[in-house]
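Some notes on the structure that comes next.
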Amino acid sequence: MTIVPASFIFGAVLFGMEHNTSPTHSPNVAELRALYRAAEARAARLRFIIEVQNLLDAAAFETAALDALSRLADFAGASLARLVFPSFQGKVPVQLSVGKSTIPESDNILFASQAGSDLCLTIIGSSKARAIDADDRQTLEVVAGQLADAYNLNRQAAENQALLGDLQRQRSELAALVAQLIQAQEQERQRVALDLHDGSAQLAAGLSYRLQDLAARIGDAHALKPEIDQLAALARHSVADLRAAIADLRPPELDDLGVAAALRTRLDAIDDLEVIADLDAAADRWPASTGIIFYRVAQEAITNVIKHAEGSRLVVRLFEDGAGEAHLEVIDDGKGIGELRHPQMRGGHLGIVGMRERLALLGGRIEISVGSSGGTHVRATAPISQETTLE
């Protein structure tokens with residue numbers, strides 16, 4: 001037995017009194033019962049709407065839609081409830097049905113959702129189906145709207161997932177293209193290095209040996225001896241410069257050991273500065289393109305310090321943070337970089353433009369600033385992404 005709260009009966013009485021045109025009319029038991037049944041019917045419809053929404057919220061759309069159709073058929077006393085909506089591919093319509101009809105559908109359509117919607121809900125009656133009144137129709141319209149909203153949300157989620165998949169594939173393809181571009185650049189550097197080693201470097205070394213041999217044969221008393229010695233010294237310097245350029249073009253440590261080891265080798269060769277190196281060995285396991293780019297940026301920054309800073313101290317840090325980003329810091333105590341020129345200008349800051357362009361290939365950035373106590377602080381950052389190959 002259902003216990004009706006006194007407040008509900010009182011409210012029902014007031015409702016009935018408000019709708020009675022006679023101020024002296026007192027509601028009888030029959031009217032109270034009618035009001036109670038109407039309130040119960042409204043509450044049942046509300047519970048039905050809430051149950052359908054809970055179903056749609058708790059499960060995948062097609063599974064929840066089938067349960068909702070079953071409840072709709074029971075609610076309307078129907079033999080068939082059917083839902084038609086476009087597929088997620090947008091071509092072939094998809095139909096979900098519960099029950100079956102033994103009479104022509106056109107003869108006993110109890111309810112059909114409004115035309116013009118992507119989703120169409122149809123309820124077919126049986127021979128014993130009760131009539132659908134205005135309140136029932138309103139309830140069915142609400143449930144049809146719930147189904148349409150759930151379908152649209154599901155479709156949007158599927159489309160968003162597809163877009164995310166496309167974006168991930170594009171990023172993967174971009175990473176592969178960047179890796180190929182960097183590899184092509186490094187292969188060109190290696191080719192130039194080999195050409196210099198087998199060509200100009202060999203010629204300069206041969207010239208140096210010939211001049212030294214000539215100076216030894218003519219003896220110290222010869223008038224041309226000082227000039228020949230000077231030419232021999234210039235030839236030796238040329239050989240040393242060419243060998244340094246060859247090493248900078250493609251240091252073997254970068255291929256064999258990694259970026260941290262290659263940078264340490266580069267810093268160990270600096271004699272005129274106090275060098276502090278904090279290089280995380282984990283950087284040697286970075287993807288090849290990341291290691292190469294960071295080595296080239298560090299190489300350019302260190303060269304700027306040696307040639308232009310006029311300082312006494314150089315600090316180089318290389319590490320990876322917890323967010324999967326690579327970091328490089330090059331700090332000196334020299335005279336500072338001065339006013340930065342426009343990025344497109346040619347001249348003293350062309351190397352800075354090159355560093356920015358290299359980091360841009362990785363989706364990274366570079367910051368160059370003057371330290372609080374002088375000198376220049378270079379900070380480079382880029383995400384570490386695993387390389388893939390294009391098929």
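Figure legend. Inter-residue proximity from segment 64-79: first residues open to solvent by 30 Å² or more (accessible area, probe 1.4 Å), second residues in a helix (DSSP H, G or I) and of a type in the set (A, V, I, L, M), beta-carbon distance below 6 Å, spacing 6+ or different chains. Indicated pairs: 67/55.
Note on segment 250-265: residues that are open to solvent by less than 50 Å² (accessible area, probe 1.4 Å) and either touching a Cys at 6+ places or on another chain (Cβ under 9 Å) or aliphatic (A, V, I, L, M) (or both) amount to 6.
Yes/no matrix, rows are residues, columns are (1) modelled with pLDDT of 90 or more; (2) among the polar types (S, T, N, Q):
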position: 288; (1), (2): no, no
position: 292; (1), (2): no, no
position: 295; (1), (2): yes, no
position: 312; (1), (2): yes, yes
position: 318; (1), (2): yes, no
position: 321; (1), (2): yes, no
position: 330; (1), (2): yes, no
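Among residues of segment 354-375 that are at pLDDT 90 or above, those with a Cβ under 6 angstrom from a residue that is of a type outside the set (A, V, I, L, M, F, W, C) and open to solvent by 50 Å² or more (accessible area, probe 1.4 Å), sequence gap 6+ or separate chain, pair up as 366/356; 367/379. Condition check: within 30 Å of residue 112 (Cα to Cα), in a helix (DSSP H, G or I) and open to solvent by 80 Å² or more (accessible area, probe 1.4 Å). Does residue 153 satisfy that? Considered against the rule, which asks whether it is within 30 Å of residue 112 (Cα to Cα), in a helix (DSSP H, G or I) and open to solvent by 80 Å² or more (accessible area, probe 1.4 Å), residue 153 comes out as yes. Residue 330 meets the conditions (1) among the β-branched types (Val, Ile, Thr); (2) assigned to a helix (DSSP H, G or I); (3) open to solvent by less than 20 Å² (accessible area, probe 1.4 Å) in every case but one. The failed one is (2).
Every condition in (1) in contact with a strand residue (DSSP E or B) (Cβ under 8 Å, 6 or more places away or on another chain); (2) of a type in the set (A, V, I, L, M); (3) in contact (Cβ under 8 Å) with a residue 60 or more places away in the chain holds for residue 144 except the one numbered (3). Evaluating residue 8 against the criteria (1) at pLDDT below 80; (2) open to solvent by 80 Å² or more (accessible area, probe 1.4 Å) leaves one unmet condition, (2). So, of the residues in segment 115-150 that are surrounded by fewer than 17 Cβ atoms within 10 Å (Cβ to Cβ) and among the hydroxyl-bearing types (Ser, Thr, Tyr), which turns out to be modelled with the highest pLDDT? Looking at residues that are surrounded by fewer than 17 Cβ atoms within 10 Å (Cβ to Cβ) and among the hydroxyl-bearing types (Ser, Thr, Tyr), I get 117.
The values are calculated or read from the model by the stated rules, or taken from the named source; none is laboratory data. What you see is a predicted model; the values in this text were computed from it and never measured. Cβ: placed from backbone, ideal geometry, glycine included. Neighbour counts: every protein chain shown. Remember, those area values only see protein heavy atoms, side chains included, never the ligands or the DNA or RNA. Shrake-Rupley method; radii C 1.70, N 1.55, O 1.52, S 1.80 Å.
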